[in-house]
Amino acid sequence: MNQTANAIEVRDLVKIFGRFQAVKGINFNVKQGEILGFLGPNGAGKTTVIKMITGLLKITSGSVLVSGLDTQKHMDLIKKKLGYMSQKFSLYPLLTVLENIEFFGGISGLTRKELREQAARIGAQLPAELLRQRIQALPPGIRQKVALFVCLLPDPEIILLDEPTSGVDPEMRRKFWNEIYQLKKNGKTLLVTTHHLDEAEYCDRVIIIHNGEIVWQGEPAELLQQNRQTSIEELFKEVISKHGQN
Amino acid sequence: MIRLEHVSKSFADIRAVNDVSLAIKKGAITIISGADGAGKSTIFKMLVGLVKKDTGDIFLDGENINGDYIRITSVCGYMPEKFSLYVDLSVEENLNFFADIQQVPRRRREELKQRLLEKTGMLPFKKRRAGALSGGMKQKLALSAILLSSPDLIILDEPTTGVDPLSRIEFFAIIEDLKKEGKTIVMSTPYLDEAEKGDFVVLLKNGRVMVQDSMIMIKKTFPARLFRILPRGNIFEVMQQINAFPGLGGQVYMRGKFIRYMQSGPENLAQQIPHLEITEEKPTLEDVYIYHERRQ
Amino acid sequence: MARIKAIIVKEFFHILRDPRSLTIVFITPVIMIFILGYSFSFDLNRIDAAVVDFSQSDFSRQLVNSFANNRIFVLHFPAGGTSGKSALRAAEEMLRKEKIKEIIVIPVDFSRRLTVHGQSDFGIIIDASNSNTANLVFQYNEMIVLEFMAEMKKVGQLFKLHTKIYFNPEAKSSFFFIPGQIAAILLMISAMLTSVSIAKERETGSIALLFISPLKSYEIIIGKTIPYIMVALLDGVLTLAFSRFWFGIPIRGSLLVLLIFAVLYIIAGLSLGILISTLAPTQKAAMLAAQILTMLPSYLLSGLIFPIDSLNPVLQAISYAIPATYFLRIIRGVILKGSELKHFLFEGLMLVLLGAVLLLAASRKFSRQRKAVQ
């Protein structure tokens, strides 16, 4: 595996809604096999960037390369490499876990056999009785786990997680992160946005975005080593107040 | 200031609040934390009389209120969960409305409004419609509205849930200012890192109190130890190695390039783990929560 | 007073700043009146009839002529000749396809029997899928037969009936239905206004703050009612104007009298809305409940379409508990007959009574809900 290869390259990316510039020409890379944390206040442009990477939103100017392919030209190829799990969307509540898996496996073009193989490969961790339960009956933590499972069905190389741990209780949250590390171990690349500042520490690298610009990026571990007193929260407060508010 | 004794409440078959006794100390910040459905909101609603308790007693300044909720509501400001005032009214119109219904004397009103808007940094947005405010500002406006009646006790039900991190930090700074003015504050939050900032903390699980003490005592009496190591070699292999030790109970977590683990016994595991660096860490409230949850 | 005023002012802000809801409140009734005004018509402008004449005689032709001379009948002569079985089958097919409303069948011996016995039979087959239309068709047929008989006997008419139709000279059903629909719609809008407004506060959580504030329950209710009386009244005036200028329905009586009763009627509707809001958890549920609970009874049980006398006794009893029953009489009376205040003392009293009962029930339920939680 080439350590320096970039899974995602974002170049001079701009998004303008009407007269509002939501993303102001940002540049960053997501290295293959890393966990990149995406932090920022609401409306900073996090989701807008993610939506442009997934092709859900048209790019105003600049470019996004996923595995070296331009999203504006090869979206069909890229779609097979990307997994996307949004915080808002957590499966169909009235369908069972199995029915959800079959549905999403079906729409991602897997045959029944492939689906079963995938299910066996990724998720021996889902107990059999869980499969028969309806999504609405599950606690948020388990629901997110199933959502992650579903997002992994087509075996994507790059996984975008938009606030995957919102509303999940502490222990489930830590367990969810253990799963994320398992994915990293298997060579996946992850881009994670979060509301929990302490989760920044869980990432290999962190980008703080504010008013459509990147205001800080680096390794959280390094930061904490350099200065034991500084928490991510203080760092966050500092960089954002430096760049002014709204 | 307020004491709950053996308070319970059931909705249909679900015991939302199960024999809860807790104290809210005057002039301090008490934070009630727990997952969704732990009973936080129900406790608050029972305090202000929006939900009728099944059993138990509520005391205000040592006196049993005996169902006379007006005694509590007359000294408290209560901000319900997910509450954001009237979106089609401006900041100022919202404040005027709440001043009217809370019978704030006209003479004092202008000065009070001015002070609150300054305190919350909302002064430039006085004429803006509440619906056009950001999530964090909406919460600040709601807080201002309940502060109009100058309450001694401020009850905030998940004021920062779903609010972005920066606004959360700012919101909490306002709360700390209120404490300095001598107000008593009780709030709930699902974020344990936020609960960490309270003077007193109540951790709830399934309607029961799991832990309740001052933040200082909770940390001081925490019976387990936490270590952060920078492993030598492949982190995943080291993880497996640590996981194999008995007594760690699955409390081993990767944190970027570090591994963090919780250990209850006194033994020195560090020597058996290939590492470049090891540090003992103070427990976070999240560690406390998970520790107690596991013991149950 | 200051607290009630605070709520009233706030409600007006809500009303004026939500142009979408405002549009719905004012445009919906106009659209409803427009559509219902055209579709709710029991007038019959033409009767298509197939003629199957087996007799083919002078007398039968004379009979067919008397149908043809009436402007309402449009005659068809089905293929297969005017006689023979195939013509009858073709006519039946037309009836099935709803191309015609009736078949006139004249038997072979029509002429012979008329000359020999001085009397004869002929048949009419009417499509009675819609019993109302069938009734009208039948009446027109009877009229023609009477005319034909008079002509046959050549005795002339014994007497001629002079009819003068009062209140609705052209006997247009729109004159009858549209005022009724205004009544039904006004009740629906009123109930929706308060129920949705309170359900919205419940949904956003602001009701909790009202509940724990020093506000009295009655203050909340009065504050919530007064602004919407004005909105609903304006709505009523708008629909009246629309019916006057679009459908040409004159208002013969005093508008003032109508509006005075309308206020009583609206208060009953708003109270019903508050009552609904105590049961409906969301705005959507409140809106749906308000629509069903007002529209169904006002359309079916108030006498809007079916006379109350034709209902079964249980439904009749219910109809007397519906505000629309009384306002319907008032609005029809004032608009069509130019009736005055003194004609509606009973109806007015009943509106006051029903309004008071609903308002009382609503405020009791509302404040009990507020207290029940304590």
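The values are calculated or read from the model by the stated rules, or taken from the named source; none is laboratory data. Please read all numbers here as calculations on a predicted model, not as lab measurements. Counting neighbours? That spans all protein chains shown, and the Cβs are built from the backbone with ideal geometry, glycine included. With ligands, DNA and RNA removed, areas are computed over all heavy atoms of the protein, side chains included. Shrake-Rupley method; radii C 1.70, N 1.55, O 1.52, S 1.80 Å.
Summary table below
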{"item": "Lone qualifier among B:A195, B:A224 - being within 14 Å of chain A (Cβ to nearest Cβ) and of a type in the set (G, A, S)", "result": "B:A195"}
{"item": "Qualifying residue in the stretch C:284-292 (condition: under 15 Å from C:L258 (Cα atoms) and either surrounded by 21 or more Cβ atoms within 10 Å (Cβ to Cβ) or hydrophobic (A, V, I, L, M, F, W, C) (or both))", "result": "no"}
{"item": "Residue that is surrounded by the most Cβ atoms within 10 Å (Cβ to Cβ) [pool: residues in the stretch A:146-168 that are touching a Gly at 6+ places or on another chain (Cβ under 6 Å) and assigned to a loop (DSSP other than H, G, I, E, B)]", "result": "A:V168"}
{"item": "Matching option when the condition is more than 24 Å from the chain's Cα centre (by Cα) and facing chain C (nearest Cβ under 9 Å), among B:L85, B:L89, B:L95", "result": "B:L89"}
{"item": "Residue within the stretch A:212-228 that is away from chain B (no Cβ under 12 Å) and at pLDDT below 80 present", "result": "yes"}
{"item": "Residue that is farthest from the other protein chains (Cβ to nearest Cβ), among those in the stretch C:170-186 that are open to solvent by 10 Å² or more (accessible area, probe 1.4 Å) and of a type outside the set (G, A, S)", "result": "C:E170"}
{"item": "Which listed residue is part of a strand (DSSP E or B), farther than 30 Å from C:F306 by Cβ and touching a residue at least 12 places away in the same chain (Cβ under 8 Å), from C:A87, C:A50, C:A91", "result": "C:A50"}
{"item": "Checking C:S60 against (1) in contact with a strand residue (DSSP E or B) (Cβ under 7 Å, 6 or more places away or on another chain); (2) on the phi > 0 side of the Ramachandran plot, the condition it does not meet", "result": "(2)"}
{"item": "B:L248 being out of contact with any Phe, Trp or Tyr (no Cβ under 9 Å at 6 or more places or on another chain) and within 14 Å of another protein chain (Cβ to nearest Cβ)", "result": "no"}
{"item": "Residue that is surrounded by 15 or more Cβ atoms within 10 Å (Cβ to Cβ), within 14 Å of another protein chain (Cβ to nearest Cβ) and acidic (D, E), where the choices are C:E92, C:E102, C:E11", "result": "C:E11"}
{"item": "Residue count, the stretch C:14-33 (criterion: surrounded by fewer than 17 Cβ atoms within 10 Å (Cβ to Cβ), among the hydrophobic types (A, V, I, L, M, F, W, C) and more than 14 Å from every other protein chain (Cβ to nearest Cβ))", "result": "4"}
{"item": "Helices (runs of 4 or more DSSP H) (entirely within the stretch B:67-133) containing at least 2 residues that are touching a residue at least 40 places away in the same chain (Cβ under 8 Å) and of a type outside the set (K, R)", "result": "B:91-101"}
{"item": "Matching option when the condition is surrounded by 14 or more Cβ atoms within 10 Å (Cβ to Cβ), of a type in the set (A, V, I, L, M), under 27 Å from C:I276 (Cα atoms) and in contact with a Gly (Cβ under 8 Å, 6 or more places away or on another chain), among C:I331, C:I308", "result": "C:I331"}
{"item": "Condition check for B:I24: farther than 20 Å from B:N206 by Cβ and touching a residue at least 60 places away in the same chain (Cβ under 8 Å)", "result": "yes"}
{"item": "Criterion: of a type in the set (S, T, Y) and within 26 Å of A:G187 (Cα to Cα) - qualifying residue of A:S108, A:S61", "result": "A:S108"}
{"item": "Members of the stretch C:237-267 found to be at pLDDT below 95, small (G, A, S) and buried (at least 17 other Cβ atoms within 10 Å of the Cβ), listed by number", "result": "C:S243, C:G253"}
{"item": "The lone exception for A:T189 - which of (1) of a type outside the set (A, V, I, L, M); (2) at the interface with another protein chain (Cβ under 9 Å from one of its Cβ atoms); (3) under 15 Å from B:G256 (Cα atoms); (4) touching a residue at least 40 places away in the same chain (Cβ under 8 Å) it fails", "result": "(2)"}
{"item": "Which numbered condition C:S271 fails, given (1) in contact with a Gly (Cβ under 8 Å, 6 or more places away or on another chain); (2) more than 30 Å from B:F83 (Cβ to Cβ)", "result": "(2)"}
{"item": "Within the stretch A:1-102, strands (runs of 3 or more DSSP E) holding 2 or more residues that are more than 15 Å from the chain's Cα centre (by Cα), at pLDDT below 90 and closer than 30 Å to A:R143 by Cβ", "result": "none"}
